[in-house]
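Below: the structure, in structure tokens.
The values are calculated or read from the model by the stated rules, or taken from the named source; none is laboratory data. Keep in mind it's a predicted model, so treat the numbers as computed, not measured. Neighbour counts are summed over all protein chains in view; Cβ atoms, including those assigned to glycine, are modelled from backbone coordinates with ideal geometry. These accessible areas exclude ligands, DNA and RNA; they are computed on the full protein's heavy atoms, side chains included. Shrake-Rupley method; radii C 1.70, N 1.55, O 1.52, S 1.80 Å.
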Amino acid sequence: MHDLSEDIRLPDGCPNCGSHRARVSRVGNPDDKVFCASCNTVIGLYGEVKERLIKASPGEAEQLLEEAANKKSS
């Protein structure tokens, strides 16, 4: 079975541990919960997190880092 989630980097850290890595569903429903990849705390809903990411608009280097972090070996 394939993993149905992926890790993303948030502009602001987890309120519990400060990590910037979050785990989101690949489906991307606005009501899906987003979890901290480090401590598994619920950070918010996908729709809210997506808005924060759009407002932060990461640079090209940040996008390349995220793509490399999510790349899985076959």
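Points to keep in mind about this one:
- One residue stands out in the range 30-74 among those that are closer than 15 Å to Leu4 by Cα and at pLDDT 90 or above: the one that is least open to solvent (accessible area, probe 1.4 Å), namely Val34.
- Checking each residue in the range 9-24 for being under 15 Å from Leu45 (Cβ atoms), modelled with pLDDT of 90 or more and out of contact with any Cys (no Cβ under 7 Å at 6 or more places or on another chain) picks out Pro15, Arg23, Val24.
- Residue list for the range 9-29, filter: among the polar types (S, T, N, Q) and open to solvent by less than 70 Å² (accessible area, probe 1.4 Å): Ser19, Ser25
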